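The values are calculated or read from the model by the stated rules, or taken from the named source; none is laboratory data. Predicted model only: the values in this text are computed from it and were never measured. Cβ coordinates were reconstructed from backbone atoms using ideal geometry, including for glycine residues, and neighbour counts include every protein chain displayed.
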Amino acid sequence: MTRRSCLALLAAAPRDGLADGSPLRLRHPADRDAFRRWFAALAEWVYLVGGRQAPGEITDCSALLRFCFRESLRKHDGAWARGLGIDPFPALPDVRQYQYPRTPVGVNLFRTRGGDFRQFADAENLMRYNTVHLSRDVEPAQPGDVLFFRQLTAAEPFHSMVWTGRSLDEASTESYVVYHTGPAGGWKGEVRRLTAAELAQHKDSRWRPVPGNANFLGLRRWTLVA
């Protein structure tokens with residue numbers, strides 16, 4: 001192979017700017033923006049339809065993240081919208097670099113402990129191996145970023161919330177977070193939405209995304225778009 005051929009192959013290969021070995025990167029700013037906007041819009045849609053129409057796979061906070069991540073990489077056409085029952089659906093641009101399931105890792109989108117890519121990853125694995133830390137507060141948050149918490153007394157201690165920013169459904173200038181509570185006892189849990197101001201003043205201080213809260217693990221961004 002000639003030197004020119006080698007350079008061409010390197011230029012075409014996915015760049016791993018974070019040096020973590022992941023081939024799953026969006027190179028173009030427009031694609032990164034499209035992914036973030038779809039991720040936030042899908043999280044909001046899941047909240048708005050509630051238990052009536054939300055996909056049955058969304059049973060906890062990590063399932064919400066996996067659903068939004070995967071569906072943000074789809075081709076968003078009429079067939080896709082009808083399959084999920086989204087009507088109308090947002091007029092947002094699609095990611096162009098690749099579309100699920102045609103990705104560098106196929107259908108196995110999520111890196112897990114040990115470096116394997118799988119279709120399933122819990123909140124801890126999503127945080128540790130699929131996102132990068134941004135801040136100990138929400139100041140730099142963009143739609144599609146994720147807040148992570150750890151509650152040491154919980155059966156499933158790692159918890160996540162999607163930063164959706166401004167709602168597509170309202171004229172409000174408020175920023176929102178959307179999250180699934182997870183099941184508790186015989187209750188299956190539900191998807192909830194709070195304004196950023198409401199979360200900052202949450203009655204249980206363990207859920208406030210502020211530097212002084214040891215339970216708040218930080219604002220993080222998907223490595224796909226970091």
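It is to be established whether one or more residues within the range 107-115 are of a type in the set (D, E, K, R) and surrounded by 16 or more Cβ atoms within 10 Å (Cβ to Cβ). Steps first, answer last, please.
Our first condition is that a residue be of a type in the set (D, E, K, R); within the range 107-115, this holds for 111, 113.
From the residues that got through so far, the ones that are surrounded by 16 or more Cβ atoms within 10 Å (Cβ to Cβ) too are 111.
Within the range 107-115 (the criterion being of a type in the set (D, E, K, R) and surrounded by 16 or more Cβ atoms within 10 Å (Cβ to Cβ)), the answer is yes, since at least one residue qualifies.
Name the single residue, out of those in the range 97-126 being assigned to a loop (DSSP other than H, G, I, E, B), within 16 Å of the chain's Cα centre (by Cα) and among the polar types (S, T, N, Q), that is nearest to Ala30 (Cα to Cα). Restricting to residues being assigned to a loop (DSSP other than H, G, I, E, B), within 16 Å of the chain's Cα centre (by Cα) and among the polar types (S, T, N, Q), the top hit is Asn108.
Results for (1) modelled with pLDDT of 95 or more; (2) at negative phi; (3) β-branched (Val, Ile, Thr); (4) in contact with a strand residue (DSSP E or B) (Cβ under 7 Å, 6 or more places away or on another chain), shown as yes or no for each residue.
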{"position": "Ile58", "(1), (2), (3), (4)": "yes, yes, yes, yes"}
{"position": "His76", "(1), (2), (3), (4)": "yes, yes, no, no"}
{"position": "Arg82", "(1), (2), (3), (4)": "no, yes, no, no"}
{"position": "Gln97", "(1), (2), (3), (4)": "yes, yes, no, no"}
{"position": "Tyr100", "(1), (2), (3), (4)": "yes, yes, no, no"}
{"position": "Asn108", "(1), (2), (3), (4)": "yes, yes, no, yes"}
{"position": "Trp163", "(1), (2), (3), (4)": "yes, yes, no, yes"}
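Within the range 42-57, residues that are among the aliphatic types (A, V, I, L, M) sit with their Cβ atoms under 6 Å from residues that are surrounded by 14 or more Cβ atoms within 10 Å (Cβ to Cβ) and part of a helix (DSSP H, G or I), at 6+ positions apart or across chains, in these pairs: Leu42/Cys68; Leu42/Glu71; Ala43/Cys68; Ala54/Val46. Just one of the numbered conditions (1) at negative phi; (2) of a type outside the set (Val, Ile, Thr); (3) in contact with an Asp or Glu (Cβ under 9 Å, 6 or more places away or on another chain) is not true of Gly182: (1). Restricting attention to the range 23-61, the residues that are loosely packed, with under 14 Cβ neighbours inside 10 Å, farther than 22 Å from Arg193 by Cα and in contact with a helix residue (DSSP H, G or I) (Cβ under 7 Å, 6 or more places away or on another chain) total 0.
Of the residues that sit in the range 123-143 and are touching a helix residue (DSSP H, G or I) at 6+ places or on another chain (Cβ under 7 Å) and surrounded by 20 or more Cβ atoms within 10 Å (Cβ to Cβ), which one is nearest to Cys61 (Cα to Cα)? Show your work before the answer.
Step one: of the range 123-143, the residues touching a helix residue (DSSP H, G or I) at 6+ places or on another chain (Cβ under 7 Å) are 123, 126, 138, 142-143.
Of the ones still in play, those that are also surrounded by 20 or more Cβ atoms within 10 Å (Cβ to Cβ) are 123, 126, 138, 143.
Numbers: Ala123: 7, Leu126: 11, Val138: 19, Pro143: 17 Å.
This residue is Ala123.
Annotation: of all residues in the range 153-187 being among the aliphatic types (A, V, I, L, M) and in contact (Cβ under 8 Å) with a residue 24 or more places away in the chain, the one that is farthest from Val210 (Cα to Cα) is Leu168.
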